[in-house]
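Undergrad: The structure's right below; bear with me while I get my questions together.
The values are calculated or read from the model by the stated rules, or taken from the named source; none is laboratory data. What you see is a predicted model, and the numbers here were worked out from it, not measured in a lab. Heads up, the Cβs are rebuilt from the backbone with ideal geometry, glycines too, and the neighbour counts pull from every protein chain shown.
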Amino acid sequence: MPNEHPLLSVVIPARNEGLHIAACLESVLEALQEIGDGEVLVVDGGSTDDTGTIARRYGVQYPNVRTLPNPQRITPVGFNLGIVAARGRYIAILSAHSRVSADYLQRAIENIERGDADIAGGPVVTLPGRPGLLGWLLAQIVSHPFGVGDSRFRVSRTRAYVDSIPFAVFRREVFERVGLFDESLPRDQDAEFFGRVAHAGFRVLMDPRSVSTYIARGTLFGLLRQDWRNSYWNMRVWLLNPHAFQLRHAVPAVFAAFMWAGGALSLVTPAARLTLLLLLATYSAMAVTSAAHVATQSRKLAALLLPPLFFLHHLAYGTGSLAGLVWFVRDRRPTELPRLPIPSSIPTRHPNDASQTPQSDAPGNV
């Protein structure tokens, strides 16, 4: 029988992830063996493929795997349903597209129980979404600094405090203090949540000793659609929670604004045409340099095909941000966040650490 109060609960929202859910669950179950005490909650958002069937099959084989329904079929609701149902002292949130190394969950818990962090995880290795050259190129775009900026969990392998991290383990108290995920945000709800986390003074640690992997979009259209949607909702996130603002998300908006405005004005004024050409030349030099860096690191000359893909990636992301600006002036509504019942019946600290005061050079201890 599964432990009624396990050390760790792993929440995995999923919808139509039949191609990936089994590999994700296998990696999680292997990682839980290192801990020896944990449960898995797959929150199925009304999948029309065999995601639910696969998850329930694992539940029959492993009593600590449960499947929960998510009738609203959106990610933040899935997060919240899993968190509320979780019985663990610690709660991990993973993606069905992700896999974790065998020691990933154990190391994260160790970092938290030592008092080094309140939220912990490791860097992300991005894998191609499909075989072939294009799949590999798209994975490089979202794992290179020129493509994603200073997103350290994607581009760094140095132990550090970061503004956010995917596939993390949380002290249960984090949700009790800052609330759950904003269910009005179908995308970028994690950015808004980590903005509240930072404002509350909780520390987010990236430990490079263990890693997770993420499966990138396998088609160019899939990547550009993801870019547009993420950046559009980022604008809403910033208005609701200014603490969630990150400069790396805003830079593509400035780039797209210059591109579209410069393109229109260049039709009527030579000065605008010259400015646009200078911007394109500067961008092209940076894109080619980045592509050459990828080619050198990977020893694949095919990386030199990256510049036009970088351009489309940044233009789609930036244009989505500009489209999201419309919301700034027409819908300035407040947001109400679901709360986790307080007090929790499950302790938020390891009993051996109850008398210790965590020390950290990160801003603010709790």
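Undergrad: Which members of the range 6-63 meet the condition of being over 26 Å from G129 (Cα atoms) and β-branched (V, I, T)?
TA: I35, V60
Undergrad: If you check R225, R157, which single one turns out to be in the same structural domain as E39 (by TED's automatic domain parsing) and out of contact with any helix residue (DSSP H, G or I) (no Cβ under 6 Å at 6 or more places or on another chain)?
TA: From the options R225, R157, the qualifying one is R157.
Undergrad: Still on this model: Among (1) within 30 Å of L127 (Cβ to Cβ); (2) part of a loop (DSSP other than H, G, I, E, B), there is one condition D227 misses while meeting the rest; what is its number?
TA: (2)
Undergrad: Take the residues of the range 140-161 that are within 21 Å of M286 (Cβ to Cβ) and of a type in the set (A, V, I, L, M, F, W, C): which is surrounded by the fewest Cβ atoms within 10 Å (Cβ to Cβ)?
TA: V155
Undergrad: In addition: Looking only at residues that are in contact (Cβ under 8 Å) with a residue 24 or more places away in the chain and under 14 Å from I215 (Cβ atoms) in the range 128-139, which one is surrounded by the fewest Cβ atoms within 10 Å (Cβ to Cβ)? Full working, then the answer.
TA: Here is the first cut: in the range 128-139, the residues in contact (Cβ under 8 Å) with a residue 24 or more places away in the chain are 128-130, 133-139.
Applying the additional criterion that residues be under 14 Å from I215 (Cβ atoms) yields 128-130, 135-136, 138-139.
Values: P128: 18, G129: 21, R130: 15, G135: 17, W136: 18, L138: 26, A139: 22.
Filtering the range 128-139 for residues that are in contact (Cβ under 8 Å) with a residue 24 or more places away in the chain and under 14 Å from I215 (Cβ atoms), the one surrounded by the fewest Cβ atoms within 10 Å (Cβ to Cβ) comes out as R130.
Undergrad: Now, a different point. Determine, yes or no, whether L205 is part of a helix (DSSP H, G or I), surrounded by 22 or more Cβ atoms within 10 Å (Cβ to Cβ), out of contact with any His (no Cβ under 6 Å at 6 or more places or on another chain) and not basic (K, R). Steps first, please.
TA: Details: part of a helix (DSSP H, G or I): no; surrounded by 22 or more Cβ atoms within 10 Å (Cβ to Cβ): yes; out of contact with any His (no Cβ under 6 Å at 6 or more places or on another chain): yes; not basic (K, R): yes.
Here the answer is no, as L205 does not meet what is asked.
Undergrad: Quick one: which of R87, R66 is out of contact with any His (no Cβ under 6 Å at 6 or more places or on another chain) and assigned by TED's automatic domain parsing to the domain that holds L185?
TA: None of the other options fit; the residue is R66.
Undergrad: Hey, any hits in the range 57-78 for a residue that's buried (at least 23 other Cβ atoms within 10 Å of the Cβ) and either within 30 Å of S298 (Cβ to Cβ) or among the charged types (D, E, K, R) (or both)?
TA: no
Undergrad: Something else about it: Quick check, is E113 of a type in the set (D, E) and either assigned by TED's automatic domain parsing to the domain that holds L312 or surrounded by fewer than 16 Cβ atoms within 10 Å (Cβ to Cβ) (or both)? Full working, then the answer.
TA: Working: of a type in the set (D, E): yes; either assigned by TED's automatic domain parsing to the domain that holds L312 or surrounded by fewer than 16 Cβ atoms within 10 Å (Cβ to Cβ) (or both): no.
Judged against the criteria, E113 is not a match.
Undergrad: Residues R229, R225: which one is at pLDDT below 90 and more than 26 Å from T158 (Cα to Cα)?
TA: R229
Undergrad: Here's a follow-up. Considering only residues of the range 245-262 that are at pLDDT 85 or above and touching a Ser or Thr at 6+ places or on another chain (Cβ under 7 Å), which is surrounded by the fewest Cβ atoms within 10 Å (Cβ to Cβ)? Walk me through how you get there before you give the answer.
TA: Quick first cut of the range 245-262, residues at pLDDT 85 or above only: 251-262.
When the remaining residues are screened for being touching a Ser or Thr at 6+ places or on another chain (Cβ under 7 Å), the result is 252-253, 256, 262.
On the way: P252: 23, A253: 22, A256: 21, G262: 18.
The residue in question is G262.
Undergrad: Taking Y104 and the conditions (1) crowded, with 20+ Cβ neighbours inside 10 Å; (2) under 30 Å from T289 (Cα atoms), which numbered condition does it fall short on, given that it satisfies the others?
TA: Y104 satisfies all of (1) crowded, with 20+ Cβ neighbours inside 10 Å; (2) under 30 Å from T289 (Cα atoms) except (2).
Undergrad: Tell me, yes or no, whether the range 272-282 has at least one residue that is free of Cβ contacts under 8 Å to residues at least 40 places away in the same chain and either in a strand (DSSP E or B) or among the small types (G, A, S) (or both).
TA: yes
Yes/no per residue for (1) within 21 Å of L138 (Cα to Cα); (2) modelled with pLDDT of 95 or more; (3) part of a helix (DSSP H, G or I); (4) among the basic types (K, R):
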| position | (1), (2), (3), (4) |
| --- | --- |
| A264 | no, no, yes, no |
| S284 | yes, yes, yes, no |
| A291 | yes, yes, yes, no |
| T319 | yes, no, yes, no |
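Undergrad: Right, another one. With respect to L312, determine if the residue is buried (at least 17 other Cβ atoms within 10 Å of the Cβ), assigned to a helix (DSSP H, G or I) and within 31 Å of the chain's Cα centre (by Cα).
TA: no
Undergrad: Going by the conditions given, is S184 of a type in the set (S, T, Y) and in contact with a Phe, Trp or Tyr (Cβ under 7 Å, 6 or more places away or on another chain)? First the steps, then the outcome.
TA: Values: of a type in the set (S, T, Y): yes; in contact with a Phe, Trp or Tyr (Cβ under 7 Å, 6 or more places away or on another chain): no.
For S184, the condition - of a type in the set (S, T, Y) and in contact with a Phe, Trp or Tyr (Cβ under 7 Å, 6 or more places away or on another chain) - is not met.
Undergrad: Something else about it: I'd like to check something: does the range 25-44 contain any residue that is under 21 Å from the mean Cα position of the chain (by Cα) and among the small types (G, A, S)?
TA: yes
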